[in-house]
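Report on the following structure.
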Amino acid sequence: MANTTPKTESKTITKEELKEQFIDVLHNDFQTTPDEASDQQVYEALTKIVVGILKAKRRKFTVKNRSEGKKKVYYLSMEFLMGRSLKTSIYNLEMVDETVGMLKDLGISINSIYEMEPDAGLGNGGLGRLAACYLDALAADGYHATGYSILYEYGIFKQKLEDGWQTELPDNWLPGGSALLVACPTQAVEVRFDGELVESWDNGFHSVELKDYTSVMAIPYDMFVSGYGSEAVSKLRLWKADVASFGMDDFIKGNYVKALGRNIMSQAITKVLYPNDNHAEGKSLRLRQQYFMSAASVADIVNTHLNVYGTLDNLADKVAIHINDTHPTLAIPELMRIMLDECGYDWDSAWDIVTRTFAYTNHTVMPEALEKWECNLLKSVVPRIYSIIVEINERYCRKLWDMYHDEAKVTHMSIIEKNMVKMATLCVHASHHVNGVAKIHSEIIKRETFKDEYAYTPEKFTNVTNGIAYRRWLYQSNEGLTKLLKDSIGDGFLRDASELEKFRAFADDKAVLEQLTAIKKQNKERFAKYVKNRYGVVLNTESIFDCQVKRLHEYKRQQLNALNIIAEYNYLRSNPDAPFVPKTYIFAAKAAPGYYMAKQIIKLIWNISQELKKDKRLNEKLNVIFMEDYCVSLSEILMPAADISEQISLAGTEASGTGNMKLMINGAITLGTLDGANVEIFEQVGADNILLFGMNVDEVERAKPGYRPIDIYNNNGVLKGAVDMLTSGGLNGEYFGEIANSLKSTDTYMAFADFDSYRDAQRRASESYTDAEKWSRMSLMNISGAGIFSADRAVDEYARYIWQLTK
Ligand code: 26W
């Protein structure tokens, strides 16, 4: 995609202006001077200045867009995994030299200042990070975008391993993170929960009123995200729950305990991010969070629109609302509620506008992740919303009946089934577009997840392959590679990732290939230093750095990786002098706190790492390190140091993956299955530059019925040897019987079936790595093929084909 937004002509700020502001802020806010200021004060002062610049730039951009009557997009997501912002803002505003220079003049090193910022961990993993990447890309592409989410007081938990067992600590990020936020209390909105619905007829007009409800105020706090080399700034509006007049009605009526009880419940709404990934919980607090976010955001969208246009008639022409997975689905009936109950629209007119406004992305096919809410819970927590869903469903079922005259089919397709509301079904029905996040995933949802819906409305379904805010992991994290790219292909790739293709011309340039090897070595050394400081563990930087970094989930198959390492260990113990290409396996992963098997697998990996330490000579060839507390800022040091990117999910389970893209652009070779976006990585780099293994989706489908992992175990000595180690005490004295039993009896994600093929891919990796030039060429082919996975490309597809935005 050619990025056509004009580059900002004038400098954001000069070094002298910056210095003046910096000294002023230190003086006024902290009564200190650059000489005396702590790193924390420098961070806060610098952040304040940058936020001020972003806010002013956003205002200007909004005014311009409004005067041109441009359509804008609102991206609703329960998660935005932002990570750190200061560095990315300074880079995107193109004020790196000014900032570094100004601080240097004052004797301050910027790197230690960046370290003061906590990660804004307002998300679990892929879906949340994708939302953050898209805000960056929407601004880079020059689109007018606002993200909405919750200002969780506690983000994703901090992970600490105690003897290899995951423990969770609260992530109290706001003390440091609040410097990024701009409070807008005058734009607070009210959200109503609970209560009784009272219907009445007045002069033939039907009206509905909610009585005895709980009122919760939603206070907006804004974060700004600058685009790189563009005039646009995205806004992320985070809602915090506050109880303005905590149930005054009840106080007045003398119901003191009830009033205070509601107060406590309301304040809990924005306390903490649910740490489940791919597993729906069905808890009433989570439902309240979802409605709180959806209702506050819709109110804000409507208020803004009415302020500009004075009517909702043209809402769908001026506004696109995007639903990031089903978590914000209640925004749909909420907009219906406002149009029907507050603005006097009739049902058909309201429904027409609503269905031309919403679009929905599906991010997972895991059945346990598909959200369903109990009718009774919805009825009690959001009574009016529930009644609207019932009405939407009745009208939908009537249409389905007219079409199919098949009761079983209508029951199956209906939004409400067995006293549960199926959120994905509601989303598909109410959205004008539905997309998956990689080609293969978009095919799977048409063929399986939404088979009937696809047959009913095929025109709704489309694909947008995920993309990443690649500058964060390349320009801002890999200085060496960025320099080599600039020297060889110019700096156009920073604005337009498709220019990375030009690097392919250097595939046979020995000097470039050698530089690439040297850069990777430097990055590995930097990472090794970080590991040494944090864990006191020494890594062999001559070894292959083989990385599997992502949430811990059985479908992602960290257990398959672990089994191979155990098999390698067994081999090395029997063949201590055999030639062996040294490998360091690097893991980082958080498990959902209630996911027992995932926690067992973390403990297993940790125990393997401890076991390997016992034999020093062996350990130099085979090493495992489990990095605690995987987060965005850890990924930024890790990605540039990776040689191998493990993407080994069972084919058909990983919707896309985005870590695969971050590793690829840093020159890591994908060792993976034909799953998610790996399929498209393969298309980009060709068979010589990716290490594929395992069954494809069709083969998985064929192998599933009658799959007997125990037979594979009994017939495969190497596999048996590895699995038996789980129960022999040979892994630092711990027993992993539950993992072994689960694999031998069920092996839901078919690790045994792909085991030999996986080992073969690992062998091919080692072999290729021994030829440094060959490996470097593979790496170059990955870097030069990564442009398509830019979030700039992805959001441009959304903007053109789904949201119908113009620049
Ligand atoms: C309700 C609990 C819950 C929470 C989070 C259910 C599902 C989720 C997410 C949809 C899980 C998720 O992050 N999915 C990932 O989304 C990425 C961005 O599209 C994809 O790259 C990953 O393949 C997918 O697992």
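Rule-based calculations on the coordinates, nothing more; no lab input. Note that this is a predicted model, so its numbers are computed, not measured. Please note: Cβ atoms are built from the backbone with ideal geometry, for glycine as well, and neighbour counts cover all protein chains shown.
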Full extension between GLU620 and ARG763 adds, at 0.36 nm per residue less the Cα distance, a length in nm of 49.7 nm
For ARG447 and ARG66, compute 0.36 nm times the residue count separating them, minus their Cα-Cα distance, and round to one decimal in nm.
133.0 nm
The stretch 501-556 -> Rg/Rh from Cα coords, Kirkwood Rh, value 1.13
If I take every Cα pair under 8 Å that is 6 or more residues apart in the stretch 334-450, average their sequence separation and divide by the length, what percent do I get for the relative contact order?
36
Would you mind getting the Kirkwood hydrodynamic radius of the stretch 633-695 from its Cα pairs, rounded to one decimal in Å?
11.6
Hey, got the Cα dimensions of the stretch 367-416 along the principal axes, in Å, largest first?
34, 27, 12
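Assuming R0 = 22 Å, can you tell me the calculated FRET efficiency for the pair GLN267 and ALA183, based on Cβ-Cβ distance, to the nearest 0.05?
0.85
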Which far-off residues, 5 or more places away or on another chain, put their amide H under 5 Å from the one on GLU417, with H placed in the peptide plane?
LYS422
Over 27 Å between alpha carbons, listed pairs LYS11/LYS483; LYS524/LYS614; LYS318/LYS409; LYS235/LYS422; LYS158/LYS603:
LYS318/LYS409; LYS235/LYS422
Which log10 I(q)/I(0) values does the chain give at q = 0.06, 0.10 Å⁻¹ under the Debye formula, counting every alpha carbon as one identical point scatterer?
-0.39, -1.11
Rounded to the nearest 5, the percent of DSSP beta bridges in the chain running antiparallel is 45
What nm value, rounded to one decimal, do you get for the distance between TRP201 and ASN111 when each label is placed 7 Å out toward the C-beta?
7.6
What distance in nm lies between label points placed 7 Å from Cα along the C-beta direction at GLU190 and ASP24?
4.0
Cα convex hull of the stretch 455-507, projected area averaged across orientations, nm²
5.6
C-alpha long axis of helix 717-728 to longest principal axis of the chain, angle in °:
70
Give the calculated FRET efficiency between LYS11 and THR311 to the nearest 0.05, with a Förster radius of 51 Å applied to their Cβ-Cβ distance.
0.80
Give me the extension gain from GLU738 to ARG573: residue separation times 0.36 nm, minus the current Cα-Cα distance, reported in nm with one decimal.
56.9 nm
For TYR154, distant residues with modelled amide H under 5 Å away:
VAL272, LEU273
Taking 7 Å along the Cα-to-C-beta vector as the label spot, tell me the ARG534-ASP491 distance in nanometres, rounded to one decimal.
3.1
Reduced to Cα centres, the span from the stretch 35-114 to the stretch 560-608 in Å works out to 41
Remind me, relative contact order of the stretch 645-705 in percent, using alpha carbon pairs under 8 angstrom and six or more residues apart?
37
If each part is reduced to its alpha-carbon centroid, the stretch 328-369 and the stretch 452-520 end up apart, in Å, by 36
Does a label point 7 Å from the Cα of ARG59, set along Cα-to-beta-carbon, have any residues of the stretch 177-198 with amide nitrogen under 16 Å, and which are they?
182-187
Using C-alpha positions alone, give me the convex hull volume of the stretch 381-525 per residue in cubic angstrom.
197
With n ≥ 4 as the cut-off for DSSP H runs, can you work out [θ] at 222 nm for the chain, using -39500 (n - 2.57) per run divided by the number of residues, rounded to the nearest 500?
-14000 deg cm²/dmol
Phi-derived 3J(HN,Hα) across the stretch 767-779 with the Karplus relation (6.51, -1.76, 1.60, θ = phi - 60°), rounded Hz, x for Gly and Pro, is 4, 5, 5, 5, 9, 4, 5, 4, 4, 5, 5, 4, 4
Pop the C-beta distance of LYS258 and GLU391 into the FRET formula with R0 = 22 Å and round what comes out to the nearest 0.05.
0.10
With the contact rule set at Cα under 8 Å and sequence spacing of 6 or more, what percent relative contact order holds for the chain?
13
Unit-weight point scatterers at every alpha-carbon of the stretch 143-234, Debye formula, q = 0.10, 0.13, 0.19 1/Å: log10 I(q)/I(0) is -0.56, -0.78, -1.03
Two decimals is fine: what's Rg over Rh for the stretch 216-349, C-alpha atoms, Kirkwood radius as Rh?
1.02
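In nm², what is the average projected area of the convex hull enclosing the Cα atoms of the stretch 75-223?
15.3
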Roughly how big is the chain's charge dipole about its Cα centre, with Cβ charges of +1 (Lys, Arg) and -1 (Asp, Glu), in debye to the nearest 20?
620
